[in-house]
Amino acid sequence: MNLFLIGFMGCGKSSQAPLLSERLGLPVMEMDREIEERAGMTIREIFERFGEEDFRMRESGLLRELGDKSYVVSCGGGLPLLLGNRRMMRESGRVIYLTAAPETILKRLERGREERPLLRGGAGLSEIRSLMESREKHYRAAADFLVATDGRSPEEIREEILSLPPFSG
Ligand code: S3P
């Protein structure tokens, strides 16, 4: 069984995954990094050369491979937008939606924005807010549990996740 971490860019999936991995004894699958490694180029280059749709196909393909495996999976922020992906996640693990306010996301993304094709070109609070709003229903539809991250340390967030029924033994 996998543990999928979903949520908007900057919600803390990548920093949370290793903390959970250590405690649960499961390896980390950082989907964006795995896709980059396989493609031999960055996410940004994949978007530029082949377009977003091609990137989404790579994401779904990788997710399919995880079906019978056990990882702590840090998912790209757009993965839950496709119904097929939401189904695959629910069938092969538990899905945790890490929530954060747009203001928090803006702050956390001060660095690392250039790597994210959807936020390049000076996306501000209003762009982040409207993209988040349009995605919220998909994140909720995919999730087994919601965990708030605003104003909390990675360790506090980890403890809340580990206290949820599927992980608390
Ligand atoms: C995306 C989020 C990114 C990456 C790509 C698209 C999105 O991942 O997959 O830039 O559509 O929200 P992170 O959420 O890890 O930044």
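What helices does the chain hold that run 24 Å or longer along their axis, going by alpha-carbon atoms, with a Kyte-Doolittle average of -1.0 or more, using DSSP H for the helix calls?
125-142
Nearest 500 deg cm²/dmol is fine: what mean residue ellipticity at 222 nm does the chain get from its DSSP H runs of n ≥ 4 alone, each adding -39,500 (n - 2.57), divided by its residue count?
Rounded to the nearest 500, it is -15500 deg cm²/dmol.
Would you mind computing, in nm to one decimal, how far apart the modelled labels at Glu114 and Arg56 are, each placed 7 Å from Cα along Cα→Cβ?
2.8
Just to compare against my own numbers: the Cα pair-distance distribution for the stretch 73-115, 10 Å bins, whole % per bin, please.
21, 46, 28, 5
Based on a Kirkwood Rh over C-alpha pairs, give the Stokes-Einstein translational diffusion coefficient of the chain at 37 °C and viscosity 0.692 mPa s in µm²/s.
203
Every read-out reported here was derived from the displayed coordinates using simple, explicitly stated rules and does not represent laboratory data. Predicted, not measured: the structure shown is a model, and the values here were computed from it. FYI the Cβ positions are ideal-geometry reconstructions off the backbone, even for glycines, and counts take in every protein chain you see.
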